[in-house]
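Below you'll find the structure, written out as structure tokens, and then a few comments.
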Amino acid sequence: MLLGLELMAIFHSAAAVTDSIRQWSQELQLDLCGITPAIQPPGYHPLLEWMSNGYCADMDWMKRRKDAYAHPDGVLPETRSVIAVGLNYHNGNETNPGCRISRYAWGQEDYHSLLKKKLKQLSRMIRDLQPDAVTRPVVDTAPLLERDFAQLAGLGWRGKNTMLINPRIGSWFFLGAILTTAQLVYDEPFQTDHCGTCTRCLDACPTNAFPEPGVLNAERCISYLTIERRSKSISEDLMAQMNDWVFGCDVCQDVCPWNRFAPTGSVEGFHRRPEVHDLDLPQLLNLTDATFKELFRKTPLERTGRDVIVRNAAIAAANTNRFDCISHLQALVHDSSDLVCHAAKWSLSQLQHSPS
């Protein structure tokens, strides 16, 4: 009887903390919140297969950390619970034609810092109720399969473009998590897949980056090529298919029917930053290290460095027949960066053989 009462007290304590977490998440303007036990994520073995197939391109840091993905304990020892959250960044504005930047990078603050601030606040609130609980906020950089845990926490399903889709707000949201040693009350996993026979995201991909539904070949993904590909040049066939994207790519989300329901309001930090949103190609082609840092400091674009953005702008100039950029490209042929030189030479060759 005593043991039963103790278990009941523990359950009520877990239930009270769980209810508080849900309330606090709303007060912190988090759009989604779900909780799941810490287990080996169902995507772990598919992740290993994905790596062995070479689909992670040259992101060798993923391979080095592959064992840590097996369980949240690889990030926080003795993790019992994973609190998964979603934060909308869709604001209804159109992209900048001819010089497109992924919507998630339009804001006034890097999403890593903005979302982590909210998760740190939520972590402090949890520890106020359970002082012996250990917590660790995670936003994108730790070896955690966030989409798997978000699905286990009931936030949505994995679309054919690998994005997590929520039936209420679509897929324009950032995922974050709090790992904690606290015992909580858990949500039911999201069991159903609402993509049906739709293949719009797969069909729309300019570079055919999806070898099959739910599998992304990073080597061909425009987001990977424009952000993560920093040490090697991009092949000419892929450069010709990258259209006018200079940072990231939104094509597979733009065409997703579920994003018709995406809210158009986001927190202030994600409101568009005009000096980033209204960029033009000549401005990017003329970037120096100093002007790059001044323009993109504390934005997601900062992490790529000047050379990658200039390279991407050179590629976009060729793909959009920007003959007004020829003089800028000619100057870049002798740039100190091999990445920039290679892209500038290719772009000039394309423009010189294109009808004006």
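Under 17 Å from Leu179 (Cα atoms) and surrounded by fewer than 15 Cβ atoms within 10 Å (Cβ to Cβ): which single residue out of Asp60, Asp73 fits that description?
Sole residue among the options that is under 17 Å from Leu179 (Cα atoms) and surrounded by fewer than 15 Cβ atoms within 10 Å (Cβ to Cβ): Asp73.
Taking Leu76 as the residue in question, decide whether it is outside any helix (DSSP H, G or I), under 19 Å from the mean Cα position of the chain (by Cα) and more than 25 Å from Arg230 (Cα to Cα).
In short, no.
Leu285: touching a helix residue (DSSP H, G or I) at 6+ places or on another chain (Cβ under 7 Å), without any contact (Cβ under 8 Å) to a residue 60 or more places away in the chain, closer than 27 Å to Met239 by Cα and not basic (Lys, Arg), yes or no?
Taking the combined requirement at face value, the residue satisfies it.
In this structure, is Gly98 buried (at least 23 other Cβ atoms within 10 Å of the Cβ), at pLDDT below 95 and in a loop (DSSP other than H, G, I, E, B)?
In short, no.
Scan segment 231-244 and tell me whether some residue there is farther than 19 Å from Cys99 by Cα, without any contact (Cβ under 8 Å) to a residue 24 or more places away in the chain and open to solvent by 70 Å² or more (accessible area, probe 1.4 Å).
yes
Among the residues of segment 56-73, how many are in a loop (DSSP other than H, G, I, E, B) and either in contact with a Lys or Arg (Cβ under 9 Å, 6 or more places away or on another chain) or of a type in the set (D, E, K, R) (or both)?
Adding up the residues that qualify gives 4.
Yes/no matrix, rows are residues, columns are (1) open to solvent by 10 Å² or more (accessible area, probe 1.4 Å); (2) modelled with pLDDT under 95; (3) among the small types (Gly, Ala, Ser):
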residue	(1), (2), (3)
Gln130	yes, yes, no
Val134	yes, no, no
Val138	no, no, no
Leu152	yes, no, no
Met163	yes, no, no
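Kindly indicate the residue of segment 292-328 that is polar (S, T, N, Q) and touching a residue at least 12 places away in the same chain (Cβ under 8 Å) and also nearest to Thr226 (Cα to Cα) among those meeting that condition.
Step by step, filter segment 292-328, then rank; the result is Asn312.
Please go through segment 140-175 and pick out each residue that is of a type outside the set (A, V, I, L, M, F, W, C) and assigned to a helix (DSSP H, G or I).
Answer for segment 140-175, where residues must be of a type outside the set (A, V, I, L, M, F, W, C) and assigned to a helix (DSSP H, G or I): Glu146, Arg147, Asp148, Gln151.
Taking segment 170-189, which residues are over 16 Å from the mean Cα position of the chain (by Cα) and open to solvent by less than 40 Å² (accessible area, probe 1.4 Å)?
If the condition is that a residue be over 16 Å from the mean Cα position of the chain (by Cα) and open to solvent by less than 40 Å² (accessible area, probe 1.4 Å), then Ile178, Leu179, Thr180, Thr181, Ala182, Leu184 are the ones that fit.
For the structure I just gave you, tell me whether Trp258 is within 22 Å of Leu329 (Cβ to Cβ) and among the hydrophobic types (A, V, I, L, M, F, W, C).
No, not satisfied.
Thr264 versus (1) assigned to a helix (DSSP H, G or I); (2) within 30 Å of Asp203 (Cβ to Cβ); (3) of a type in the set (Val, Ile, Thr): which is the lone unmet condition?
Condition (1) is where Thr264 drops out.
Of everything in segment 269-301, what is open to solvent by 40 Å² or more (accessible area, probe 1.4 Å), farther than 25 Å from Arg322 by Cα and in a loop (DSSP other than H, G, I, E, B)? Give them in sequence order.
Matches in segment 269-301: His271, Arg272, Arg297, Lys298.
Scan segment 292-315 for residues that are under 17 Å from Arg103 (Cα atoms) and in contact with a Phe, Trp or Tyr (Cβ under 8 Å, 6 or more places away or on another chain) and report the count.
Result for segment 292-315: 6.
Being among the aliphatic types (A, V, I, L, M) and closer than 30 Å to Gln241 by Cβ is the filter here; which residues of segment 170-206 pass it?
Matches in segment 170-206: Leu175, Leu202, Ala204.
Just need a number here: residues in segment 217-250 that are among the β-branched types (Val, Ile, Thr) and in a helix (DSSP H, G or I).
Result for segment 217-250: 3.
The values are calculated or read from the model by the stated rules, or taken from the named source; none is laboratory data. Just so it is clear, the structure is predicted and the values come from calculations on it, not from any experiment. Every residue, glycine as well, gets a Cβ built from its backbone with ideal geometry; the counts of neighbours run over all protein chains shown. These accessible areas exclude ligands, DNA and RNA; they are computed on the full protein's heavy atoms, side chains included. Shrake-Rupley method; radii C 1.70, N 1.55, O 1.52, S 1.80 Å.
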